[in-house]
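The values are calculated or read from the model by the stated rules, or taken from the named source; none is laboratory data. Keep in mind the model is a prediction, meaning the values are calculated, not measured. Don't worry about glycine lacking a Cβ; one is built from the backbone with ideal geometry, like all the others, and counts go over all protein chains shown. All accessible areas refer to the heavy atoms of the entire protein, side chains included, with ligands and DNA or RNA removed. Shrake-Rupley method; radii C 1.70, N 1.55, O 1.52, S 1.80 Å.
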Amino acid sequence: MSQATKRKHVVKEVLGEHIVPSDQQQIVRVLRTPGNNLHEVETAQGQRFLVSMPSKYRKNIWIKRGDFLIVDPIEEGEKVKAEISFVLCKDHVRSLQKEGFWPEAFSEVAEKH
């Protein structure tokens, strides 16, 4: 698969799919990106940790400070405690708010975003 075809499929997946987080997954907000495909995030409870970006998103999807993500926890991680499973856009945030899955702590921040 060429790089352009891969990018097309990844972008289509991120923009088109409607996702609801499972019991293990968390919605987090990006605080900063220290590099090396790692992002420092904060949960709705205020806990901070690093998450890794899977290779399918690298060089295809750009994540910046203030974005919201759905992450899967990694049990064996000491510094990196989760992996990004989905990048949320504005439409995803709105639909999660309507359905009641959105954390109350992020409601104010999401409206500004």
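Numbers below:
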read-out	value
Amide H partners (placed H, <5 Å) of residue 86, local residues excluded	70
Sequence-separation-based contact order of segment 22-109, relative, with Cα cut under 8 Å and 6+ spacing, percent	28 percent
Surface share of carbon and sulfur [accessible, 1.4 angstrom probe, percent] for segment 22-109	45 percent
Choice from 92, 39, 18 with maximal GNM fluctuation in the chain (Cα, 10 Å cutoff)	18
Residue-span extension gain [residue 11 to residue 72] - 0.36 nm each, minus C-alpha spacing	20.0 nm
Antiparallel DSSP beta bridges within segment 22-109, percent to nearest 5	85 percent
Extension reserve of the residue 40-residue 2 stretch, reckoned as 0.36 nm per residue once the Cα distance is removed	10.6 nm
Point-to-point label distance, residue 64-residue 32, nm (Cα→Cβ direction, 7 Å offset)	1.8 nm
For segment 59-73, 3J(HN,Hα) per residue [Karplus equation, 6.51 cos²θ - 1.76 cosθ + 1.60, θ = phi - 60°, Hz, x = Gly/Pro]	6, 10, 10, 9, 10, 10, 4, x, 5, 10, 9, 10, 10, 9, x
In segment 22-109, lysine pairs with alpha-carbon atoms under 23 angstrom apart (chain gap of 8 or more, or interchain)	10
Cα gyration tensor shape for segment 62-112, rounded if a/c is under 1.5, else prolate or oblate	prolate
Dipole moment magnitude, nearest 20 debye, segment 22-109 about Cα centre, only Lys, Arg, Asp, Glu C-beta charged	520 debye
Rounded, prolate or oblate (a/c below 1.5 giving rounded, otherwise prolate when a/b exceeds b/c) for the chain by Cα gyration tensor	oblate
